[in-house]
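First the structure, in the form of structure tokens, and then the observations on it.
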Amino acid sequence: MKFETKAIRLGHSPDPQHRAVVPPVHQGTTFEFTAVGENTGYEYSRTSNPTRVLLEECLAGLEGGEFGVAFGSGMAATDAVLSMLRPGDEMVSARNLYGGTLRLFESIYTPRGVRFVYIDGGDPDAWRAAVTPHTKLLWLETPTNPLLQVFDIAAIAEVAREAAVPLVVDNTFASPYIQQPLALGADIVLHSTSKYINGHNDVIGGAVITSDPQVHEAVRFFQNTAGAVPGPWDCYLTLRGIKTLALRMRQHNANALAVARFLEGHGMVREVFYPGLERHPGHELARRQMDGYGGMVTFLLEGGLEQVNAFVEALGVFHFAESLGGAESLVCHPATMSHAALSEEERQRAGITDSMIRLSVGLENAEDLVEDLERALGAARRSLEAARAGC
Ligand SMILES: *Cc1c(COP(=O)(O)O)cnc(C)c1O
């Protein structure tokens, strides 16, 4: 089956009782035993729930993995993977990460004795050099948040194979429609399904997908033991969202490219980060590794915080809000929003300045989006001119 068909058929088998084409939501927490020690495979919904199993099968199939494990958030899924680490273990990670992921590494796992080694991530040899006998995981996001750097998954997976250490790829920014890390040699795929996979800005969720039985067992054990499971309705809504994932991603790709090209030529924009632009340093790699360049566009505005404020206040279609990957276009100020958990020094090292703006380009008409940005950039320009005239 091709991707679009899988997205509609996997996890959508008719219910065996009434043959309803769309399976019911199993809200029940507990299931009858048929005899002592015998049941239908379900006993308690933390351990396993039929609606959740459908979502897990669908996500595994879309990423080309054997096993999918769903969680109540992307952070819970991240925690499940990290639960495999013990005091004294090391993990090598690319530095440019979702702020909440870095906070989990530093505030929860570092005090427990796990050592995190951060590298820039672009050079496979730097990964090779950072691995020690204590290294137990390699970790990266690509494209990265918010700078949209692109890392060579196949080359870094080769380093992981040499070191006999699993490579984790957070595939949230790309979605499985655009990028398939397991096929490129990664061992574990992580998702915040709150983003493109659900796609409607209305469910928080996460997932871990792998074909490694040992990893799967550890993650499944953690899911049942720590219990950060998604509710059945959230699983149902996510499955519903997945049916249009391919259609949505194609439109996100087209709209984001139109927005990036517009920004590239605007006088109030100092720099645009989008892997679909020929001048992006990761463009060639992205062309090979991805099928489309995604819906995220980051840029640097001329001026400072005051101009950012004028810009966001003038927007009428984009919402000034965190998150990404939904139908609604969103604008985020990484320094004070998604990456506020980082210290000033960490932000500087990650290249996140006060004039950086991140767009999650949604599914509205691209002309409306460009018009909205044009108006807001005009407001930022007037603010800059007024500031200059003032001094
Ligand atoms: C949002 C996000 C997460 C965290 O997921 P939640 O569902 O918000 O817990 C992790 N990684 C990336 C890349 C994200 O964008």
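Just need a number here: residues in the range 89-120 that are touching a helix residue (DSSP H, G or I) at 6+ places or on another chain (Cβ under 8 Å), of a type in the set (Gly, Ala, Ser) and under 22 Å from residue 163 (Cβ atoms).
1
Among the residues of the range 54-77, are any under 17 Å from the mean Cα position of the chain (by Cα) and free of Cβ contacts under 8 Å to residues at least 60 places away in the same chain?
The answer is no, given that none of the residues of the range 54-77 is under 17 Å from the mean Cα position of the chain (by Cα) and free of Cβ contacts under 8 Å to residues at least 60 places away in the same chain.
Looking at the range 60-86 only, could you name the residues that are away from the ligand (no atom under 12 Å from the Cβ) and closer than 21 Å to residue 237 by Cα?
Hits for the range 60-86 are 60, 61, 62, 63, 67, 68, 69.
Return the residues of the range 204-228 that are within 16 Å of the ligand (Cβ to nearest atom) and surrounded by fewer than 22 Cβ atoms within 10 Å (Cβ to Cβ); say none if nothing qualifies.
Start the filter on the range 204-228 by keeping residues that are within 16 Å of the ligand (Cβ to nearest atom), which leaves 204-209, 219, 222-223, 226-228.
Matches in the range 204-228: 204, 226, 227, 228.
State yes or no: is residue 335 in the same structural domain as residue 253 (by TED's automatic domain parsing), touching a residue at least 40 places away in the same chain (Cβ under 8 Å) and small (Gly, Ala, Ser)?
no
From (1) among the charged types (D, E, K, R); (2) over 27 Å from residue 147 (Cα atoms); (3) in contact (Cβ under 8 Å) with a residue 24 or more places away in the chain, pick out the condition that doesn't hold for residue 19.
(3)
Might you let me know whether the range 284-306 holds any residue that is assigned to a helix (DSSP H, G or I), over 22 Å from the mean Cα position of the chain (by Cα) and free of Cβ contacts under 8 Å to residues at least 60 places away in the same chain?
Residues of the range 284-306 that are assigned to a helix (DSSP H, G or I), as a first pass: 284-289, 305-306.
Retained after the next criterion (residues that are over 22 Å from the mean Cα position of the chain (by Cα)): 305-306.
Next, from what is left, pick out any that are free of Cβ contacts under 8 Å to residues at least 60 places away in the same chain: 305.
Within the range 284-306, one or more residues are assigned to a helix (DSSP H, G or I), over 22 Å from the mean Cα position of the chain (by Cα) and free of Cβ contacts under 8 Å to residues at least 60 places away in the same chain.
Tell me, which strands (runs of 3 or more DSSP E) wholly within the range 90-175 include 1 or more residues that are polar (S, T, N, Q) and away from the ligand (no atom under 14 Å from the Cβ)?
Details: elements: 90-94, 115-119, 135-141, 167-170.
Once the strands (runs of 3 or more DSSP E) in the range 90-175 are filtered for at least 1 residues that are polar (S, T, N, Q) and away from the ligand (no atom under 14 Å from the Cβ), what remains is 135-141.
Is it true that some residue in the range 114-132 is closer than 19 Å to residue 211 by Cβ and of a type outside the set (A, V, I, L, M)?
no
Go over the candidates 96, 39, 49 one by one and state the one that is crowded, with 18+ Cβ neighbours inside 10 Å and modelled with pLDDT under 95.
Details: 39 fails: crowded, with 18+ Cβ neighbours inside 10 Å; 49 fails: modelled with pLDDT under 95.
After applying the criteria, what remains is 96.
Do you know which of the residues in the range 324-353 that are modelled with pLDDT of 95 or more and not in a strand (DSSP E or B) is farthest from residue 294 (Cα to Cα)?
If we filter the range 324-353 for residues that are modelled with pLDDT of 95 or more, which is where we start, we get 324-333.
Next, from what is left, pick out any that are not in a strand (DSSP E or B): 324-329, 333.
Numbers: 324: 11, 325: 9, 326: 12, 327: 13, 328: 15, 329: 13, 333: 19 Å.
The selected residue is 333.
Evaluate the following for residue 12: is it part of a loop (DSSP other than H, G, I, E, B), in contact with a Cys (Cβ under 9 Å, 6 or more places away or on another chain) and either more than 30 Å from residue 100 (Cβ to Cβ) or hydroxyl-bearing (Ser, Thr, Tyr) (or both)?
Yes: the conditions hold for residue 12.
Tell me, which residue of the range 310-333 that is touching a Ser or Thr at 6+ places or on another chain (Cβ under 8 Å) and within 15 Å of the ligand (Cβ to nearest atom) is nearest to residue 370 (Cα to Cα)?
Among those residues, the one meeting the criterion is 330.
Applying the selection to the range 164-220, what residues are free of Cβ contacts under 8 Å to residues at least 40 places away in the same chain and closer than 19 Å to residue 293 by Cα?
169
Quickly run through the range 190-203 and pick out the residues that are away from the ligand (no atom under 12 Å from the Cβ) and either surrounded by fewer than 22 Cβ atoms within 10 Å (Cβ to Cβ) or of a type in the set (Val, Ile, Thr) (or both).
If the condition is that a residue be away from the ligand (no atom under 12 Å from the Cβ) and either surrounded by fewer than 22 Cβ atoms within 10 Å (Cβ to Cβ) or of a type in the set (Val, Ile, Thr) (or both), then 200, 202 are the ones that fit.
In this structure, is residue 20 in a loop (DSSP other than H, G, I, E, B) and small (Gly, Ala, Ser)?
Against the criterion (in a loop (DSSP other than H, G, I, E, B) and small (Gly, Ala, Ser)), residue 20 qualifies.
If you go through the range 356-385, how many residues are in contact with a helix residue (DSSP H, G or I) (Cβ under 9 Å, 6 or more places away or on another chain) and part of a helix (DSSP H, G or I)?
Total satisfying the criteria: 17.
Report whether or not residue 141 is surrounded by 18 or more Cβ atoms within 10 Å (Cβ to Cβ), of a type in the set (D, E, K, R) and within 20 Å of the chain's Cα centre (by Cα). Even if it seems obvious, please write down each step before you answer.
On the way: surrounded by 18 or more Cβ atoms within 10 Å (Cβ to Cβ): yes; of a type in the set (D, E, K, R): yes; within 20 Å of the chain's Cα centre (by Cα): yes.
Yes; evaluated as a whole, the condition is true for this residue.
Is the range 251-266 home to any residue that is surrounded by fewer than 17 Cβ atoms within 10 Å (Cβ to Cβ) and within 16 Å of the ligand (Cβ to nearest atom)?
No, because not a single residue in the range 251-266 is surrounded by fewer than 17 Cβ atoms within 10 Å (Cβ to Cβ) and within 16 Å of the ligand (Cβ to nearest atom).
The values are calculated or read from the model by the stated rules, or taken from the named source; none is laboratory data. Just so it is clear, the structure is predicted and the values come from calculations on it, not from any experiment. Virtual Cβ from ideal backbone geometry, glycine too; neighbours counted across all protein chains shown.
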